[in-house]
Amino acid sequence: MITLTNEERNLKNFINGEWTEVTNKEKVYNPANGEVIAEVPNSSAEAITQAAESAGIAQREWALVPAPQRAELLYKVGTMMKERKERLSQLLTLENGKVIEEARGEVQEGIDMAFYMAGEGRRLFGQTTPSELKDKFAMSERCPVGVVGIITPWNFPIAIATWKSFPAIVSGNAVIWKPSSETPLMANELARIFEEAGLPKGILHVVYGSGTTVGQAMIEHDAIRVISFTGSNETGRKVATECGKQLKKVSLEMGGKNAVIVMEDADIDLAVEGILWSAFGTSGQRCTACSRVIVHKAVRKTLEERLLEAMKNLTTGDGLDSNNKIGPIINQAGLDKILKYIEIGKEEGAKLAAGGKQLTVENYEKGFYFEPTLFTDVTIDMRIAQEEIFGPVVSLIEVNNFEEAIAANNKVKYGLSSSIFTQDVNRVFQAQRDLDTGIVYVNAGTTGAEIHLPFGGTKGTGNGHRDSGVQALDVFTEWKAVYVDYSGKLQRAQIDTDA
Ligand code: NDP
C-alpha cells in the first residue's frame, strides 16, 4: 500500500518558489474507499494576486533564457517523471480512482509530452517570407504571451497539466495553475519535480481552491494574459464569458458525446474490444469516452450479444488492485449524476440491457462504484444519447446505412472524438471527411490520443484551440511580424512597389 509523506498529506500552495501554508483547508478523498487521504488549501483570491505579481517579474527573465536552455529543464522533468513513474501512477490512482494500468498510461503521456516539448526548444519555428519591396527582409516569430493561467479537471490530473504547462514554459511564459480540488496530489508532485529540476522561482505556481474563487481571480487578473481551460461545457461557457469581459485570450477543451460506428462489414470482436476499452476505461469518465454505439441493423443483434457477454468479465473495484478493470467514480456527485441519467433513459423508453445500479464492493463499502451499463433501443434524440453522462454507460443506436450512421454521429452538440469499424476503404475516407469531430479513429475505439497530434474538438467541445501537438504552442505564444529594411531609404509598402 502506498504511503503518503507529510507534505503530501498536508498540501500547500506553491507561490514564487515557496510552499505557502493556507489555514482554510478541504479534505481530499480516495474514491475507492471514501477515506480522507490529504488536506488541500481552499485559497482566497489574494493567493492569485501574489502569484501573478511574482510571475510577472520572473517571466521577464525567463523569456530571455535561450529556448534550448529552457528545454533542458523539460528534459530533466521528463527524466525525473520517468524515474518516479510507478509512485506517481499509484498516487494518481489513489486520488482519482482509475485503474493502475491506466494511471501508468497517463503518467507516460506526461513523460512523452516533456520530451516532445523539450524538442520544441530547438524549433519554435517562425517563418521567413519575401518582402514585396527590394532590399527588405520579412519574417514572423513566436513570442511568449507572458503570464498564463491554466485550469484543469480531475479526470486526467497530470496529463492535461503537462499538455498545457510544458508548451507554456518552453515558449518562455510563467504559469499559474489551478488544479481541480478533487485531485491535488498530482499538482503537488509535478511542482516538486519542477522545483528539484531547478526551475527558477516564479515560473510555475500552484494555487489550490475553488473555481469560483481562484479560477475567477485568475480570469480577472490583468497580468494573466491567457486562460487555458479544460473541463465541462457548462463551466467552460462561464469561463469564456468572463474572459470575454476582460478581452482575454481563452482556450477551451470541454466535454464530448463520442460514438463508435460499427458497420455491417466490421470485425465484430475487434469492435467489441474497442467499445469496452473506450466506454468503460476510467469508468467512462473521459472526455473521449464512447457513450454511444451506432450500429448497422445487419449486425446489431450480434454486436449486442457479444458486448453483453464481454461486459460480464469487467471486474469493478479498487484501481490499485490490478485484477480490476474498472475503478470507482470520482465522488458522490458523479454517482448521483449517473443515477439521474439511468432514470432519464428508462423514462425515455430505452431498454436497460445491463447494469444501471450503484455497486457495493466488499471491503470498500464507502467507495463510489457503478455497474457497467448498456442501454439498447436508444434513438438519437434521447437525452441519454445527447448529454454527457460521465460514467460507464453506453447507448446502442441502430441505423439502416452508412449515411444514417454519419448523421447520427454528427447530431450532437459536441465534436470531440469518433470512430468507425469497417473493412471498406472507401467508407474509411468518406468517414474521415464527414465525421465532424476533432479526432477520428478507424478500427479503434474513441480514446487513444498520442501527444504529438493536436487534441481537441469542434462545436460545443472547444473554441478552435488545441492542446498537445505543435498546435498547443499557438495558445501560449503571440506572433510578431518583423520587417528589416536594408535599402537605406524610405520604402512605403503597397505604394513604392511596381504594381
Ligand atoms: P469542471 O468544469 O467542473 O471543472 C474543471 C475545472 O474548472 C476545475 O479545476 C474547476 O475547479 C474549475 N472551475 C469550476 N468553476 C469555475 C469557474 N466558475 N471559473 C473558473 N474555473 C472554474 O470539470 P470536471 O473537473 O468535472 O471535469 C470533467 C469535465 O472535463 C468533463 O466535461 C470532461 O468531458 C471535460 N474534459 C475535457 C477534456 C478535453 O480535452 N476536451 C479532457 C478532460 C476532461 P473546482 O472543481 O476545483 O472548483
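No value in this document is a laboratory result; all are computed from the given coordinates. Since the model is a prediction, treat every value here as computed from it, not as a measurement. Cβ coordinates were reconstructed from backbone atoms using ideal geometry, including for glycine residues, and neighbour counts include every protein chain displayed.
Brief remarks follow.
- Alpha-carbon Debye profile of the stretch 196-250, log10 I(q)/I(0) at 0.15, 0.24 Å⁻¹: -0.48, -0.98
- Residue among Phe455, Phe370, Ile329 farthest towards the positive dipole end of the chain, charges placed on Cβ: Phe455
- Each eigenvalue of the Cα gyration tensor of the stretch 96-231, multiplied by 5 and square-rooted, gives one semi-axis; in descending order these are 32, 19, 13 Å.
- Eigen-decomposition of the gyration tensor built on the alpha-carbon atoms of the stretch 456-499 gives equivalent ellipsoid semi-axes of 40, 14, 7 angstrom, largest listed first.
- The stretch 363-499: Cα Rg divided by the 2.2 N^0.38 Å rule of thumb: 1.65
- Counting neighbouring Cβ atoms within 10 Å and putting the fewest first, the residues Arg306, Arg433, Arg466 line up as Arg433, Arg306, Arg466.
- The stretch 174-222-the stretch 427-499 distance, computed between alpha-carbon centres (Å): 27
- The shape of the stretch 1-94 can be summarised by an equivalent ellipsoid whose semi-axes, obtained from the alpha carbon gyration tensor, come to 29, 22, 9 Å from longest to shortest.
- Euclidean distance of C-alpha centroids, the stretch 43-85 and the stretch 340-413, integer Å: 42
- Qualifying trypsin sites (Lys or Arg not before Pro) for the stretch 134-171 [loop in DSSP, other Cβ within 10 Å: at most 13]: Lys134
- Packing-based exposure ordering (other Cβ within 10 Å, fewest first) of Ser418, Ser278: Ser278, Ser418
- Lys, Arg +1 and Asp, Glu -1 on Cβ, resulting dipole of the chain about Cα centre, debye, nearest 20: 880
- The spread of Cα positions in the stretch 8-56, taken along each principal axis and listed from longest to shortest, comes to 42, 18, 16 Å.
- Against the rule of thumb 2.2 N^0.38 Å, how large the Cα Rg of the chain comes out: 1.03
- Translational diffusion of the stretch 170-309, estimated by Stokes-Einstein from the Kirkwood radius over alpha carbon pairs at 25 °C in a medium of 0.890 mPa s, is 134 µm² per second.
- Scaled radius of gyration (Cα, divided by 2.2 N^0.38 Å) that the stretch 227-371 gives: 1.24
- Computed from the C-beta positions of Gln494 and Lys413, the FRET efficiency with R₀ = 56 Å rounds to 0.80.
- Loop-located GluC sites (Glu not before Pro) across the stretch 391-499 with a Cβ neighbour count of 16 or fewer within 10 Å are Glu450, with loop assigned by DSSP.
- Greater than 18 Å apart at Cα, pairs in Lys312/Lys366; Lys312/Lys337; Lys178/Lys238; Lys257/Lys413: Lys312/Lys366; Lys312/Lys337
- Spherically averaged projected area in nm², based on the convex hull that wraps the Cα atoms of the stretch 296-453: 10.7
- Our note on the geometry: Cα centres of the stretch 90-152 and the stretch 285-337, 32 Å apart.
- If both residues of a DSSP beta bridge must be in the chain, then about 45% of such bridges are antiparallel.
- In degrees, nearest ten, helix 268-280 long axis to first principal axis of the chain (Cα): 60
- Cβ-based exposure ranking for Val442, Val412, Val260, Val36, in which fewest neighbours within 10 Å come first: Val36, Val442, Val412, Val260
- The stretch 224-279: proportion of alpha-carbon pairs further apart than 14 angstrom, %: 64
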